[in-house]
Amino acid sequence: MKIVYTDVLVIGGGLAGLRTAVGVKQRGFDTIVLSLVPAKRSHSAAAQGGMQASLGHSSMGSGDNEDVHFEDTVKGSDWGADQRVARMFTHVAPKAIRELAGWGVPWNRVKQGEREAVINAERVVITESESAHGLITARDFGGTKKWRTCYTSDGTGHAMLFALGDQTIANGIPVMERMEALALIHESGRCYGAVVRSLVTGELTAFLARATTIATGGYGRIYKVSTNAVICEGTGTAIALETGVAELGNMEAVQFHPTAIVPAGILTTEGCRGDGGILRDVNGHRFMPDYEPEKRELASRDVVSRRMTEHMRKGLGVKSPYGDHLWLDISVLGKDHVHKNLREVTDICRYFLGIDPANDWIPVRPTQHYSMGGIRTDHRGESTTLKGLFACGEAACWDMHGFNRLGGNSVAETVVAGMIVSEFIADYCADSASDINVSTGLVREFVEREQAGLDRLVSGGGREQAGPIRQRMEEIMIDQVGIFRTGEELDRAVDELEDLLARSRNLGVRSSAPGPNPELVAAYRLPKMLKLALCAALGARERTESRGAHFREDFPQRNDRDWLNRSITTWPEAGASLPNLGYETIAVADMELPPGFRGYGTRNYIDHPDSAERDARIEKILETVDPDDRHARQAALMPFDHLLPEKYRPRNQRLEATA
Ligand SMILES: Cc1cc2nc3c(=O)[nH]c(=O)nc-3n(C[C@H](O)[C@H](O)[C@H](O)COP(=O)(O)OP(=O)(O)OC[C@H]3O[C@@H](n4cnc5c(N)ncnc54)[C@H](O)[C@@H]3O)c2cc1C
């Protein structure tokens, strides 16, 4: 049996995993990163539009600060977020962006003087100040009050990931690619590492660590059409679930992005609309202002996706052999802008549609995009129930996104969480309680269990094949656990997914190749994906309200009275057919921003009985604080500084007096 020891095992080589590894290494702990693919090809590289951080440099971001970013994030989450975590995040995001600049990310910069921009489909002149010249600029994104999304053209994730990849090399961190974590090794509520399979040789290795971090991204590929890379299958989240101890949070909260191209499902960034692009219907009519007069195309993603679907249901979509779609028109931005600031979009349109978006409208439709749900952690990034297991990035439910993430807040979360969580992991490793005192017998048991499972697939005589079962799962998810959901459809989805899971226990593969064996890989991943699908479908069925991206046509109101909580799922035992589902209350009495109207979407919600009392209490607290001191006001309402690692507590600096 091969065993590798390290202080911190990081499973996942995307932005979250790499930033975590750099953090713990800089604190003096050994770390190893595992990835299915070369780290720089992780899905993070696909992020296009940008990263939110309230720098407030550009004139359209003037007056921005953590308070505004916090409010946008909480409203975006439809009050599902953990507000303390949202505060920690918005406070550290400006530090993260500056750190990345220092590591070589070529952020687009403010250029002093006048420039043309398109706002609300009209050309306007913006004047940038001399004092901001050369500082990091930002573009507009959905659900935000200020232009806050910093970017490098529309290749932001690529630039960030390459900078972090270089930092990983500079810090001497081994990144082992084509390695797949199959199971977590754990005993008595403590995680000790993982059983890992080489995708090249098929060999199993036990990686033992003081701390194990899962940063394996989202589970979008349980859906038939997704903007996610094909490796976003959620297996990291699933191995946490399969411990039976670790909890997953809000698995039914799945985001659909408004503008993926039809039929390929590849994303065109929100930056297209942020920069002034508009949505048109079959008649060329710009319809979003009819539904959302204030935010128009730039309401939050859940709202725009629903409005688009609603509009197509009225028969106003464009018919195509691949189903109805709408048009995204960025030709209004002009050739120079499109070819310079939306280069990836231009390439995608050329290669996959044969059009130039500077001249032609882009066929788009809402498509699965982001997993708000994931491994439930506390504010330190540690699993709430399995000691020594940490999670961050899209794989985690930390939980700053609640039921809807804002565009630009995800790549920001990956690096901010990496910064914060790595400090807590290092603290954990510094304590002798994290010593690896696990018996070889236990490790052997875990490795042999995985090997036996693989052997059974190859020679156990199983009669089912992974392909058709997976295809059906993906169809169920897109058709019945999609943008609009009903109890009836969700009942059927849960029943059928249960059947598929039962069938997946009788899988057999024909190829016994010991090395690369895609058939085997598909077979052992499938039951994990089905378990995640069941968590999402069951969570959606039981949540009889509408919140953020979770929309029930039979329960269209957000119901703060009965449902202001986080769904928690665990997997009871290996042979179970359904997860256990419970709820974690989100307390209004602690909130800095009690539930209310988001400012977009429909004003349709049932109040929480504690909201009025909290509002009154907030008013009273504010009477005692200097109204001009926004930091004092904030601290009086919901202190969070003490939750941050000390190095990230200092205030952010800005050009303006709003600092
Ligand atoms: C097309 C697209 C564009 C986007 N644009 C933006 C944007 O502009 N702004 C924004 O904020 N967000 C954007 N997002 C979202 C954002 O890119 C992701 O949420 C974020 O990059 C996820 O980073 P991560 O590090 O958590 O995971 P990932 O980057 O997905 O990395 C996961 C890592 O885990 C590894 N892995 C997975 N499973 C295993 C396993 N079992 N064993 C070992 N390794 C494993 C993978 O190899 C990979 O290295 C976009 C998303 C898409 C789909």
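The values are calculated or read from the model by the stated rules, or taken from the named source; none is laboratory data. This is a predicted model, so every value here is computed, not measured. Reconstructed Cβ throughout: ideal geometry from the backbone, glycine too, with neighbour counts over all protein chains shown. Heavy atoms of the whole protein, side chains included, go into the accessibility calculation; ligands, DNA and RNA do not. Shrake-Rupley method; radii C 1.70, N 1.55, O 1.52, S 1.80 Å.
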- Task: Could you run through the range 395-438 and say how many residues are touching a helix residue (DSSP H, G or I) at 6+ places or on another chain (Cβ under 9 Å) and under 17 Å from LEU184 (Cα atoms)?
- Result: 3
- Message: Can you tell me which residue is farthest from the ligand (Cβ to nearest atom) among those in the range 1-10 that are buried (at least 24 other Cβ atoms within 10 Å of the Cβ) and farther than 14 Å from GLY217 by Cα?
- Response: VAL8
- Item | Among (1) closer than 20 Å to ARG221 by Cα; (2) without any contact (Cβ under 8 Å) to a residue 60 or more places away in the chain; (3) hydroxyl-bearing (Ser, Thr, Tyr), the one test that TYR524 misses | (2)
- Query: Can you tell me which residues in the range 398-445 are away from the ligand (no atom under 16 Å from the Cβ) and of a type in the set (Ser, Thr, Tyr)?
  - Reply: TYR428, SER432, SER434, SER439, THR440
- Query: Of the residues PHE89, PHE70, which single one is under 25 Å from LEU298 (Cβ atoms), assigned to a helix (DSSP H, G or I) and within 14 Å of the ligand (Cβ to nearest atom)?
  - Reply: PHE89
- Tell me, yes or no, whether the range 159-166 has at least one residue that is acidic (Asp, Glu) and modelled with pLDDT under 95. no
- Task: Answer yes or no as to whether ALA81 is buried (at least 24 other Cβ atoms within 10 Å of the Cβ), out of contact with any Cys (no Cβ under 8 Å at 6 or more places or on another chain) and among the aliphatic types (A, V, I, L, M).
- Result: yes
- Could you please find all residues in the range 627-648 being surrounded by 11 or more Cβ atoms within 10 Å (Cβ to Cβ), free of Cβ contacts under 8 Å to residues at least 40 places away in the same chain and in a loop (DSSP other than H, G, I, E, B)? ASP629, PRO639
- Query: Given THR212, THR227, which one is of a type in the set (Ser, Thr, Tyr), crowded, with 21+ Cβ neighbours inside 10 Å, more than 15 Å from the chain's Cα centre (by Cα) and modelled with pLDDT of 95 or more?
  - Reply: THR212
- Query: Does THR544 satisfy being open to solvent by less than 50 Å² (accessible area, probe 1.4 Å), part of a strand (DSSP E or B), of a type in the set (S, T, N, Q) and modelled with pLDDT of 95 or more?
  - Reply: no
- Pick from GLY276, GLY284: which is away from the ligand (no atom under 16 Å from the Cβ), assigned to a loop (DSSP other than H, G, I, E, B) and buried (at least 24 other Cβ atoms within 10 Å of the Cβ)? GLY276
- Condition broken by LEU507, with the remaining ones in (1) touching a Lys or Arg at 6+ places or on another chain (Cβ under 6 Å); (2) free of Cβ contacts under 8 Å to residues at least 60 places away in the same chain satisfied: (1)
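Residue-wise test of (1) more than 21 Å from PHE403 (Cβ to Cβ); (2) open to solvent by less than 40 Å² (accessible area, probe 1.4 Å); (3) in the same structural domain as ILE362 (by the TED database).
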| position | (1), (2), (3) |
| --- | --- |
| ILE231 | yes, no, no |
| GLU242 | yes, no, no |
| ASN250 | no, yes, no |
| VAL262 | yes, yes, yes |
| THR269 | yes, yes, yes |
- Task: For the range 502-509, state whether one or more residues are polar (S, T, N, Q) and in a helix (DSSP H, G or I).
- Result: yes
- Message: Condition first: in a loop (DSSP other than H, G, I, E, B) and either hydrophobic (A, V, I, L, M, F, W, C) or at pLDDT 95 or above (or both). Now tell me which residues in the range 324-351 satisfy that.
- Response: ASP324, ILE330, LEU342
- Number of positions in the range 356-369 that are within 28 Å of the chain's Cα centre (by Cα) and open to solvent by 30 Å² or more (accessible area, probe 1.4 Å): 1
- Note on ALA452: of the conditions (1) assigned to a helix (DSSP H, G or I); (2) touching a Gly at 6+ places or on another chain (Cβ under 9 Å), unmet is (2)
- Item | Yes/no for GLY76 being within 11 Å of the ligand (Cβ to nearest atom), in contact (Cβ under 8 Å) with a residue 40 or more places away in the chain, surrounded by 18 or more Cβ atoms within 10 Å (Cβ to Cβ) and closer than 18 Å to GLY142 by Cα | no
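A quick yes/no check of all residues on (1) of a type outside the set (Asp, Glu); (2) in contact with a Gly (Cβ under 9 Å, 6 or more places away or on another chain):
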{"site": "GLY276", "(1), (2)": "yes, no"}
{"site": "ASP281", "(1), (2)": "no, yes"}
{"site": "ARG286", "(1), (2)": "yes, no"}
{"site": "ASP302", "(1), (2)": "no, yes"}
{"site": "GLU310", "(1), (2)": "no, no"}
{"site": "HIS325", "(1), (2)": "yes, yes"}
{"site": "GLY354", "(1), (2)": "yes, no"}
{"site": "ASN359", "(1), (2)": "yes, no"}
- Single residue of the range 352-401 satisfying the filter (part of a strand (DSSP E or B) and hydroxyl-bearing (Ser, Thr, Tyr)) that is farthest from PHE70 (Cα to Cα): THR367
- Message: Is it the case, given these coordinates, that SER577 is of a type in the set (S, T, N, Q) and closer than 18 Å to ASP82 by Cβ?
- Response: no
- Condition broken by LEU353, with the remaining ones in (1) open to solvent by 40 Å² or more (accessible area, probe 1.4 Å); (2) under 22 Å from SER153 (Cβ atoms); (3) without any contact (Cβ under 8 Å) to a residue 24 or more places away in the chain satisfied: (3)
- Evaluation of ILE568 against (1) touching a helix residue (DSSP H, G or I) at 6+ places or on another chain (Cβ under 6 Å); (2) surrounded by 16 or more Cβ atoms within 10 Å (Cβ to Cβ) (one fails), failing number: (1)
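Looking at ILE478, ILE483, can you tell me which residue is open to solvent by less than 50 Å² (accessible area, probe 1.4 Å), under 30 Å from THR90 (Cα atoms), touching a Phe, Trp or Tyr at 6+ places or on another chain (Cβ under 7 Å) and among the β-branched types (Val, Ile, Thr)?
ILE483
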- Query: Listed residues GLY13, GLY49, GLY56; which is in a loop (DSSP other than H, G, I, E, B), within 14 Å of the ligand (Cβ to nearest atom), within 25 Å of TRP147 (Cβ to Cβ) and touching a residue at least 40 places away in the same chain (Cβ under 8 Å)?
  - Reply: GLY49
- Any chance you could count how many residues in the range 28-38 are near the ligand (Cβ under 6 Å from one of its atoms) and either outside any loop (DSSP other than H, G, I, E, B) or among the polar types (S, T, N, Q) (or both)? 2
- Message: So ARG41 ticks every box in (1) within 13 Å of the ligand (Cβ to nearest atom); (2) touching a residue at least 12 places away in the same chain (Cβ under 8 Å); (3) open to solvent by 10 Å² or more (accessible area, probe 1.4 Å) but one. Which box is left unticked?
- Response: (2)
- Item | Neighbours by Cβ (under 9 Å, 6+ apart or cross-chain): first from the range 326-340, on the phi > 0 side of the Ramachandran plot and surrounded by 15 or more Cβ atoms within 10 Å (Cβ to Cβ); second at pLDDT below 95 and of a type in the set (Phe, Trp, Tyr) | none
